[in-house]
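Below is one structure, written out as structure tokens; the observations come after it.
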């Protein structure tokens, strides 16, 4: 299997999205088993996510990566079984400002100057029921769920690229336990197609499923961050990675509204529940090039803008199967030890 060269990000991101709205119909495509045929060869492509995307590193000694709660902590919200949401992404470019005014942020951030961040957009699609019935009958019961994050005009800046190099469409997708990174070319877009023409697809992990509906149980409740936005949110983070004593501080966090609300402008017609407010995480500091010497994105925040309980059209997942054929798929290079001697 060939390898696409992608430099090391500070964090293998959560979740995975598309700009055009699709609705449900038809059965999902069949999934291959995600169990690795060669454990040693595949181990470098499996990452610890504290139980959010896999059970790698979780065991009885650490309570299977289930975070402790106190009697004073609020009840954890959950994702619906399936949903679609547009979002606005704020890529913070001012490190000092992000340290002085940490997330979660409002939309737009009221504690930052407009010059402190770059604005871009995208859409997430999520379906926890994808392939679930088949997985329950198989030996690999974790091989279910689907999620896509589609980045419109500006790809997630975690791969060591400059801002200019990141100005393209891309998507992160999890189908069952297999996760992919896909790039697109808008210049070849057909108005009748839901998505632009894909230009590349690589697999960045054989074991990286979408967050489960109750994934917050793997993250610590964050009382301090929950005070932001006038105490209107419940924030959760991977505490061990963001603690001052961590070898390399990495932020991986979510905020949900701490109140229930309807979808859109339909208070009587829709169910009221706690909506996710934002997903925020560490970006990267790139040493840059002569043309663009410094690219600093210490914090990235995806703020949800139209979260709704709507099941994505299974054709979306069929497209991914076609874009990323199992027999031709290349592996993404995320870390230097995945392609020794060829570090870019």
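Only one of (1) outside any loop (DSSP other than H, G, I, E, B); (2) in contact with a strand residue (DSSP E or B) (Cβ under 7 Å, 6 or more places away or on another chain); (3) surrounded by fewer than 19 Cβ atoms within 10 Å (Cβ to Cβ); (4) modelled with pLDDT under 95 is not met by residue 91, so which one is it? For residue 91, the exception is condition (3).
Of all the numbered requirements in (1) touching a strand residue (DSSP E or B) at 6+ places or on another chain (Cβ under 8 Å); (2) farther than 25 Å from residue 250 by Cβ; (3) loosely packed, with under 15 Cβ neighbours inside 10 Å, residue 141 misses one, and that requirement is (1). Checked against the criterion of being crowded, with 20+ Cβ neighbours inside 10 Å and touching a strand residue (DSSP E or B) at 6+ places or on another chain (Cβ under 8 Å), the candidates 124, 166 yield just one match: 124.
Would you be able to say whether some residue in region 241-252 is over 16 Å from residue 302 (Cβ atoms), out of contact with any helix residue (DSSP H, G or I) (no Cβ under 9 Å at 6 or more places or on another chain) and not in a loop (DSSP other than H, G, I, E, B)? Yes: one or more hits. Is it fair to say residue 227 is over 30 Å from residue 175 (Cα atoms), assigned to a helix (DSSP H, G or I) and at pLDDT 95 or above? Judged against the criteria, residue 227 is a match.
I'm trying to understand the selection: among the residues of region 144-160, which are over 14 Å from the mean Cα position of the chain (by Cα) and either buried (at least 21 other Cβ atoms within 10 Å of the Cβ) or at pLDDT 90 or above (or both)? Listed by number, the residues that qualify are 144, 152, 153, 154.
The values are calculated or read from the model by the stated rules, or taken from the named source; none is laboratory data. Because the structure is predicted, anything quoted here is derived from the model rather than measured. Note that we place each Cβ from the backbone using ideal geometry, even for glycine, and neighbour counts take in every protein chain shown.
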